[in-house]
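Following: one structure in structure tokens, then a few remarks.
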Amino acid sequence: MNLYLKLRETISSVAPIMLLVFVLGTTIAPLGWETMSRFLTGGVLVILGLTIFLLGVDIGILPIGERAGAALTSKRNLPLLLGAAFFIGFMITIAEPDVQVLADQVRGIASGVSKWGLIISIAAGVGLFVTLGILRTVLSVPLRAVLIVSYLAVFAMAFLTPATFQGVAFDSGGATTGPMTVPFIMALGVGVAAVRSKSPKEGSGEHSGDDSFGLTGIASIGPVAAVCVYGMFSGDSGAGSSAEEAASSAAAAGLSVFINMLPSTIEEVASALSPLVVMAAIFQIFLIKMPPFQVIRMVRGLTFSFVGLVLFLLGAQGGFMPAGERLGEILGEFAVSGDKFVKVFNSAGELTSSLDIPGVVEIILLILVGCVFGAVVVSAEPAVWVLTDQVESVSGGTIKRKVMLAALSAGVAISIGISMARVLFGFSLWYILIPGYALSLLLTLFCPKLFTGIAFDSGGVASGPMTSTFVLSFTLGASAASGGNPAVDAFGVISLVAMTPLIAIQILGIFYRLKTLAAKKQSGGDK
């Protein structure tokens with residue numbers, strides 16, 4: 001039954017994208033039989049792979065995180081807890097599927113960037129900020145204070161980072177919080193908060209249940225800072241596009257591309273999961289000491305995760321990403337094909353320059369397609385459904401899941417539509433990120449603590465596997481076709497998707513607070 005539920009969740013996440021691409025690819029943006037067949041085959045592999053991977057996470061990986069979190073907190077040894085928090089954050093991030101996909105996307109347009117150098121930097125950032133988040137919970141530091149200081153520091157670092165790494169840095173924050181990383185981090189955070197909740201602050205009347213949320217939100221800041229540091233000190237400009245390699249890959253004969261990719265994919269997955277196996281062995285020997293039948297279950301779960309991750313990456317890299325990129329190229333070419341040439345003359349009547357202005361209809365079409373992809377992606381993500389249930393429960397039914405789902409869908413649709421406009425017109429990512437995060441941090445001053453924690457935890461929920469594999473590829477293709485610089489103009493779309501819940505959920509939290517206060521006043525008046 002668990003396998004059936006996982007399969008149903010995954011199909012509901014992937015199938016809407018497949019249907020939408022099939023409609024577009026056979027009508028206004030013909031992809032051709034070869035690309036379409038690879039996409040459909042890749043979609044089946046993504047569904048099967050994600051299902052098996054998530055099943056393995058449930059039966060073999062999550063118990064490790066839960067038991068390790070409980071054992072570490074029960075020991076009440078702060079240095080041990082903080083050291084283990086860094087170790088867990090680092091190891092689990094290396095195995096995160098979304099991080100693997102993002103690193104491949106970066107390498108696809110900047111061959112000079114080391115894939116494993118980028119992954120290790122991201123993992124170190126997660127480990128460091130998980131440690132910071134645990135320390136915050138133990139010391140009872142307000143979540144909003146940590147968020148405000150951390151984001152101010154990260155934005156300052158980002159301004160010193162080469163432009164080609166800025167979008168990648170913020171995208172890494174959204175890609176990190178995926179199906180592997182989040183359960184581990186949340187289990188650790190809930191365990192620490194549970195221990196602290198037994199002794200609330202004296203005289204404050206404050207209970208630390210609110211601190212059960214927020215650790216994932218803090219952890220997602222780490223990769224942004226780490227990639228900024230990597231960009232500043234790696235000495236690599238991010239240039240050196242491997243477009244020719246991508247083109248030769250796209251030209252590979254039919255479905256044989258999946259077979260050709262299998263050996264290298266198995267090697268990549270083995271490298272990614274090896275640290276996790278080492279971590280599980282260390283925890284089993286020195287910390288959790290599970291009985292034999294549970295060890296066998298853990299090994300079976302790790303095996304499922306290995307097989308599932310291989311199938312997922314085969315489907316994503318062999319079918320989903322090339323089709324997304326090609327679809328973006330076709331629509332991007334269409335958007336600039338209606339260029340209006342405006343000639344600029346000086347006072348003497350001499351021609352000085354000309355401006356290429358894309359046709360209005362073509363621009364609107366590309367942006368609308370981006371908006372539709374955004375709405376479909378966020379509505380189909382299983383993690384988003386879990387989040388909406390959580391908020392409806394926390395609010396006592398005051399905030400309906402349908403309202404929240406509509407708010408998230410609209411927000412993500414707008415964010416991807418803005419990304420499409422940025423691809424066409426090349427305006428800076430800062431024009432969106434700075435006002436967006438400024439508003440998000442300002443809302444923390446008025447929003448209930450619990451909703452602030454949920455909002456920043458859920459920043460990566462909306463940017464799930466479909467965003468990392470398909471939407472980013474679509475944006476990269478549109479940028480390349482419209483004559484832009486994909487490294488600067490395309491990366492950043494995941495960060496915009498991840499930013500949407502920060503605003504939407506906190507606004508709903510403020511609405512919940514106002515409604516609760518109004519209900520209390522009314523009940524007081526009735527008395």
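Points to keep in mind about this one:
- Qualifying residue in the stretch 71-87 (condition: at pLDDT 80 or above and of a type in the set (Lys, Arg)): no
- Across the stretch 431-447, the qualifying residues are those that are open to solvent by 20 Å² or more (accessible area, probe 1.4 Å) and not in a helix (DSSP H, G or I), and the one among them that is nearest to VAL146 (Cα to Cα) is LEU445.
- Pair list, Cβ < 6 Å and 6+ apart or interchain, from the stretch 485-496 residues that are in contact (Cβ under 8 Å) with a residue 12 or more places away in the chain to residues that are part of a loop (DSSP other than H, G, I, E, B) and not polar (S, T, N, Q): ALA487/ALA110; ALA487/GLY238; ASP489/GLY426; GLY492/LEU429
- Of the helices (runs of 4 or more DSSP H) that lie entirely inside the stretch 454-527, those containing 1 or more residues that are of a type outside the set (Ser, Thr, Tyr) and touching a Ser or Thr at 6+ places or on another chain (Cβ under 6 Å) span 486-489, 493-526.
- Filter result for THR388 (over 22 Å from GLU96 (Cα atoms), among the hydroxyl-bearing types (Ser, Thr, Tyr), at pLDDT below 75 and open to solvent by 20 Å² or more (accessible area, probe 1.4 Å)): no
- Candidates in the stretch 134-156 are the residues that are modelled with pLDDT of 90 or more and open to solvent by less than 10 Å² (accessible area, probe 1.4 Å); of these, the one that is nearest to PHE470 (Cα to Cα) is VAL154.
- Candidate set from the stretch 395-428 (those that are touching a residue at least 24 places away in the same chain (Cβ under 8 Å), open to solvent by 40 Å² or more (accessible area, probe 1.4 Å) and not hydrophobic (A, V, I, L, M, F, W, C)); member that is farthest from TRP385 (Cα to Cα): GLY426
- Pair list, Cβ under 6 Å, 6 or more apart: the stretch 271-299 residue within 15 Å of GLY89 (Cα to Cα), other residue modelled with pLDDT of 90 or more: LEU273/PHE306
- Neighbours by Cβ (under 7 Å, 6+ apart or cross-chain): first from the stretch 458-483, modelled with pLDDT of 80 or more; second assigned to a loop (DSSP other than H, G, I, E, B): THR475/ALA490; LEU476/ALA490; SER479/ALA490
- Filtering the stretch 36-51 for residues that are at pLDDT below 90, surrounded by fewer than 17 Cβ atoms within 10 Å (Cβ to Cβ) and part of a helix (DSSP H, G or I) leaves an empty set.
- Residues being at pLDDT 65 or above, more than 17 Å from ILE221 (Cα to Cα), more than 17 Å from the chain's Cα centre (by Cα) and in a loop (DSSP other than H, G, I, E, B) - total across the stretch 157-210: 1
- Whichever residue in the stretch 118-131 is out of contact with any Leu (no Cβ under 8 Å at 6 or more places or on another chain) and open to solvent by 20 Å² or more (accessible area, probe 1.4 Å) and, among such residues, is nearest to SER234 (Cα to Cα): SER121
- Of the criteria (1) part of a helix (DSSP H, G or I); (2) more than 16 Å from PRO465 (Cα to Cα), which one PRO30 fails: (1)
- The set of residues from the stretch 263-280 being open to solvent by 40 Å² or more (accessible area, probe 1.4 Å) and closer than 14 Å to GLY301 by Cβ comprises just one member, VAL277.
- Among the residues of the stretch 30-58, those identified as farther than 16 Å from LEU273 by Cβ and of a type in the set (A, V, I, L, M) are LEU31, MET36, LEU40, VAL44, LEU45, VAL46, ILE47, LEU48.
- Scan of the stretch 483-511 for residues that are of a type in the set (S, T, N, Q) and either in contact with an Asp or Glu (Cβ under 7 Å, 6 or more places away or on another chain) or surrounded by fewer than 24 Cβ atoms within 10 Å (Cβ to Cβ) (or both), ordered by number: ASN485, SER495
- Scanning the stretch 1-30 for residues that are of a type in the set (Val, Ile, Thr) and modelled with pLDDT under 85 yields a count of 1.
- Any hit, the stretch 116-133, residues being over 29 Å from PHE451 (Cα atoms) and not hydrophobic (A, V, I, L, M, F, W, C): yes
The values are calculated or read from the model by the stated rules, or taken from the named source; none is laboratory data. All figures in this text were calculated on a predicted structure; none of them were measured in a lab. Ideal geometry is used to build each Cβ from the backbone, glycine not excepted, and the neighbour counts take in all protein chains shown. Accessible surface areas use protein heavy atoms only, side chains included; no ligands, DNA or RNA. Shrake-Rupley method; radii C 1.70, N 1.55, O 1.52, S 1.80 Å.
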